[in-house]
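Asker: The following block contains the structure, expressed as structure tokens.
The values are calculated or read from the model by the stated rules, or taken from the named source; none is laboratory data. Just so it is clear, the structure is predicted and the values come from calculations on it, not from any experiment. Here the Cβ is made from the backbone with ideal geometry for all residues, glycine too, and neighbour counts use every protein chain on show. Side chains included, ligands, DNA and RNA excluded: accessible areas come from the protein's heavy atoms. Shrake-Rupley method; radii C 1.70, N 1.55, O 1.52, S 1.80 Å.
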Amino acid sequence: MAQEPQEYIQQKVNPILENLVTQLLLERPEQLAPFMIKWLSQNSKTPAAAALTEGVNVLSELKLEMEKLQEEVRELEAQVEAKRGDKTGPLTAGSEAVDALQSMEESEDDEEVEDVVPPPALTSRGHRASVSAEAYGQWNPEKAFVAPVYEKSDEQKTRLANVLKESFLFSGLESPDIKIVIDAMQEKIVEKDTRLINQGEDGDCLYVVEEGQMNCYIRRQDGAEDMVKECTSGDAFGELALLYNCPRAASVQAAERSVLWELGRESFNNIVKKAAVAHRDQLEEFLLKVPLLKGMDAYERSSLCDALQPTSFAQGDVIVQQGDIGDVFYILQDGSATVSKVYVAGTPAKEVLKLGPGDYFGELALLKGEPRAASVIALTECKCYTLSRRTFNRLLGPLEEILRRNATKYD
Ligand SMILES: Nc1ncnc2c1ncn2[C@@H]1O[C@@H]2COP(=O)(O)O[C@H]2[C@H]1O
């Protein structure tokens, strides 16, 4: 089922447009087009933003315009120099003016099209400092990021490390980064019914649940709210506002007293965001093509992106062995594999099925809690994405009926 246009606009297009307009209002650039093109190309990490920037061939026109302007600047400089020469006599090779002009020309030569847009004045006219900070950063020389350190007991650190291991967003981090994240997080305890996040507001931090339950709600047109997700131990929420610089996409409220860990925007952006966005974008396109996942909404698919781990197998590798205990679910991204089964002990295995890109396997042992019912062998080099039993239950639980129905293909 393709995404509905309204849902697509709400989830993909609006966040980008809203943020672009915010930046326009904050910066109020004289030249709209170069500003917007630069902003879009630098924020084109999401598929939706990439789509927006597609076909923007105005760049080449801008390049021409820039060359013309540079030519005019050179002429004007020559005139200034000529006038100065009239007054002060010829310039010597070592003079300051020549040095200055030379360095100006050198830097012009170095400039690429993306340097066309002059740095905007850092005058913030709005209150959304949190949103503008990163956009300004694109013109500001980058300052070394120093993550905050919030004192914690060893017991707190151990608890937090265990929670982060369970969290899809953080589980891919290298251990030095995990340490920084642990230092930068603050424990937060919320009582039942506390509304921690309000849909539509700006967001400056995300949370990871250690204990308890936080429910996510989305407001309908008629004002009523639908509960869209229950976040329990290991789940992160509030990440969308930080990942995509958009207002909060849902409200989040404590269903019971909960222990959370809070991470600020700056720490998230500097340590986690880049990897998370790259991973989501790379996978999202592929997952859209997996028939099993067609019924998932965009948010569920994004969460799945965070959780899937890439693994490769060489030609001939036995990926799954009949009779083994199975704890992993696989989606084949690239390559082909054969599924074969020994029906009577001591007789040769018979091929049941061939698998190609977008096919999945390994689900039966997870669904039924039984040993592997067949072997899967790589016919070529195979690139797979895997889910552990726990993430499979958490993320593909709603697909259980489809998975069970599809299992008849092995009969
Ligand atoms: N279906 C959903 N759509 C959007 N956000 C969701 C959904 N389910 C859970 N959420 C979470 O609710 C959070 C609200 O704040 P954010 O938009 O920053 O990030 C959001 C997600 O973490």
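Asker: Give the residue that is modelled with the highest pLDDT, with candidates limited to residues of region 1-55 that are under 23 Å from residue 300 (Cβ atoms) and hydroxyl-bearing (Ser, Thr, Tyr).
Answerer: Among those that are under 23 Å from residue 300 (Cβ atoms) and hydroxyl-bearing (Ser, Thr, Tyr), it is 8.
Asker: Quick check, is residue 112 open to solvent by 90 Å² or more (accessible area, probe 1.4 Å) and either under 28 Å from the mean Cα position of the chain (by Cα) or at pLDDT below 80 (or both)?
Answerer: Against the criterion (open to solvent by 90 Å² or more (accessible area, probe 1.4 Å) and either under 28 Å from the mean Cα position of the chain (by Cα) or at pLDDT below 80 (or both)), residue 112 qualifies.
Asker: Counting only residues that are away from the ligand (no atom under 11 Å from the Cβ), touching a Phe, Trp or Tyr at 6+ places or on another chain (Cβ under 7 Å) and open to solvent by less than 50 Å² (accessible area, probe 1.4 Å), how many does region 185-219 have?
Answerer: Residues that pass the stated criteria total 2.
Asker: Got a sec? Which of 283, 242, 287 is surrounded by 21 or more Cβ atoms within 10 Å (Cβ to Cβ), assigned to a helix (DSSP H, G or I) and near the ligand (Cβ under 10 Å from one of its atoms)?
Answerer: Answer to the check: 242.
Asker: Without any contact (Cβ under 8 Å) to a residue 40 or more places away in the chain and over 21 Å from the mean Cα position of the chain (by Cα): is that true of residue 174 in this structure?
Answerer: The answer is no for residue 174.
Asker: Let me ask something else. Check whether at least one residue in region 220-238 is without any contact (Cβ under 8 Å) to a residue 60 or more places away in the chain, within 17 Å of the chain's Cα centre (by Cα), near the ligand (Cβ under 9 Å from one of its atoms) and closer than 17 Å to residue 297 by Cβ, and report yes or no.
Answerer: yes
Asker: Could you pull out every one of the strands (runs of 3 or more DSSP E) wholly within region 290-378 that has 3 or more residues that are outside the structural domain of residue 218 (by TED's automatic domain parsing), open to solvent by less than 60 Å² (accessible area, probe 1.4 Å) and farther than 30 Å from residue 7 by Cβ?
Answerer: Where strands (runs of 3 or more DSSP E) fall fully within region 290-378 and carry at least 3 residues being outside the structural domain of residue 218 (by TED's automatic domain parsing), open to solvent by less than 60 Å² (accessible area, probe 1.4 Å) and farther than 30 Å from residue 7 by Cβ, they are 337-341, 350-355, 375-378.
Asker: Separate question: Kindly indicate whether residue 386 is assigned by TED's automatic domain parsing to the domain that holds residue 317, part of a helix (DSSP H, G or I) and among the polar types (S, T, N, Q).
Answerer: no
Asker: Right, something else. Restricting attention to region 253-269, and to residues there that are over 27 Å from residue 144 (Cβ atoms) and surrounded by 22 or more Cβ atoms within 10 Å (Cβ to Cβ), which single residue is farthest from the ligand (Cβ to nearest atom)?
Answerer: 258
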